[in-house]
Amino acid sequence: MDNTTIQYISYNGKIIAESEFKLNIENRAFQYGDGLFETMHASGNKVQFFYEHMERLIRSMKLLKMEVPVRFSIDTMGLQREISKLLIKNKLYKGARIRMSVYRQSGGFYMPDGDETEYIMQCSSLPVDNYELNYKGMHIDLYEENLKPINNFSTVKLTSSIFFVIAGIFKRDNNLDECIILNSKGNIVEGISSNIFVVKEKTILTPSIREGCLPGIMRQKIIELARKKGFSVQDEQVVKIEDIMAADEIFFTNAVKGIQWVLGFKQRRFYNKVSKTLSDTLNQQCFPELISKTI
């Protein structure tokens, strides 16, 4: 989007210019990280897997003892219309990234005065409309400076994301495309912003939710697609470094990019046959109209 173009956000359902939004110094997301977020993919005015995102958001809000607005669970069509209006207001008619941030209303210290919430929706353009498999494979490495704890909050996309910020700095400083996150047991759990999959022949492994990984929306969709394509998917798995070194293929998934394949990890090099197959199938399912135009 052109930097000279006015950008708009939706603040508690009201679309305003981004420049009009003023952060309250008492904002709990700012002061305590008392918030969470969802990131979604849209093409045109359609949000992919919208209901799944909302289910995860509501589940996470309940875990954080936040009051869930009625419209989040009842008026989901209203929220979809709100997103559509926001995309149109920002002149985003093709691929777009949507971030919905929810935080507890201001008031109190560690113990809040109440559990009512506010939310902000933001959107930005994506280079393509669909889920494009990366032409150039990623180079990755382990992030071992800190280990991700395994607890109930491991499954929530918290605004207090300093663990992933520091991992992102490690990625930047080492010229990597992604990092493998380890949990407190030293097992592989996920990437910085993605779930990880390991392919060995016709078997696909991905770390169990019990290992502390985020229950990604795209993770679940790829598990379902892979099983329909005849792969044996082990999603209750403990994945270790040895599995990476013995793999034929590694790929990462998230809701915005779909599937991204890995070319290199240390001295190992990998293929992208399964990644391409699943990415093609995902696009055929999500964007049949776009795919038909390219045939």
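Given their separation in residues at 0.36 nm each and the Cα-Cα distance between them, Arg99 and Gln285 gain 64.7 nm when the chain is fully extended. The H on the amide N of Gln105, modeled in the peptide plane, is under 5 Å from the matching H of Glu116, Thr117, Glu118, each at least 5 residues off or on a different chain.
Sequence-distant contacts, meaning Cα pairs under 8 Å at least 6 residues apart, place the relative contact order of the chain at 17 percent.
Charged side chains reduced to their Cβ positions (Lys and Arg at +1, Asp and Glu at -1) give segment 176-269 a dipole of some 160 debye around its Cα centre. The base-10 log of I(q)/I(0) for segment 138-288, evaluated at q = 0.12 Å⁻¹, reads -0.45 [Debye formula, identical scatterers on Cα atoms, solvent excluded].
Within straight cross-link reach of Lys221, meaning Cα distance under 14 Å, which aspartates and glutamates are found once same-chain residues fewer than 8 apart are removed? In chain and number order, the partners are Glu52, Asp235, Asp280.
What is the order of His41, His53, His139, fewest Cβ neighbours within 10 Å to most? Don't skip to the answer; put the middle values down first.
Working: His41 26, His53 19, His139 15.
Neighbour counts put them in this order, fewest first: His139, His53, His41.
Taking 0.36 nm per residue of sequence separation and removing the Cα-Cα distance, the Ile169/Ile74 pair yields an extension gain of 30.2 nm.
Summarising the amide proton neighbourhood of Lys200: residues at separation of 5 or more, or on other chains, whose placed amide H is nearer than 5 Å comprise Leu205, Asp248.
Tally Lys/Arg at +1 and Asp/Glu at -1 over every other residue whose Cβ is under 12 Å from the Cβ of Ser73; what's the total?
Details: positive: Arg59, Lys62, Arg71; negative: Glu55, Glu67, Asp75.
Neighbourhood net charge equals 0.
Over the chain, the alpha carbon radius of gyration divided by the compact-protein estimate 2.2 N^0.38 Å works out to 1.02.
How high is the relative contact order of segment 138-288, in percent, counting Cα pairs under 8 Å that sit 6 or more residues apart? Mind showing how you got there, number by number?
Details: 271 pairs, mean separation 35.6, N = 151.
Dividing the mean separation by the residue count of segment 138-288 yields 24 percent.
Close amide H partners of Gly95, meaning residues 5 or more places away or on another chain with modelled amide H under 5 Å apart, are Gly44, Leu126, Asp129.
Using the number of other C-beta atoms within 10 angstrom as an exposure proxy, rank Glu52, Glu116 with the fewest first.
Values: Glu52 18, Glu116 12.
So the residues, fewest neighbours to most, are Glu116, Glu52.
Other residues lying with their Cβ under 13 Å from the Cβ of Glu224 contribute a combined charge of +3, Lys and Arg counting +1, Asp and Glu -1. At 222 nm, what value in deg cm²/dmol follows for the chain if DSSP H runs of at least 4 each add -39500 (n - 2.57) and the sum is divided by all its residues, to the nearest 500? When only DSSP H runs of four or more count, the value is -8500 deg cm²/dmol. For the set Lys185/Lys276; Lys136/Lys276; Lys22/Lys62; Lys228/Lys257; Lys62/Lys157, the pairs lying more than 24 angstrom apart at their alpha carbons are Lys185/Lys276; Lys22/Lys62. Taking other Cβ atoms within 10 Å as a rough exposure proxy, Phe231, Phe153, Phe197 sort from fewest to most as Phe153, Phe231, Phe197.
Taken together, the values in this text are just the output of simple stated rules run on the coordinates, not laboratory data. Note that the coordinates shown come from a computational prediction; the quantities given were computed from them, not determined experimentally. All Cβ positions, glycine included, derive from the backbone under ideal geometry; neighbour counts span all protein chains shown.
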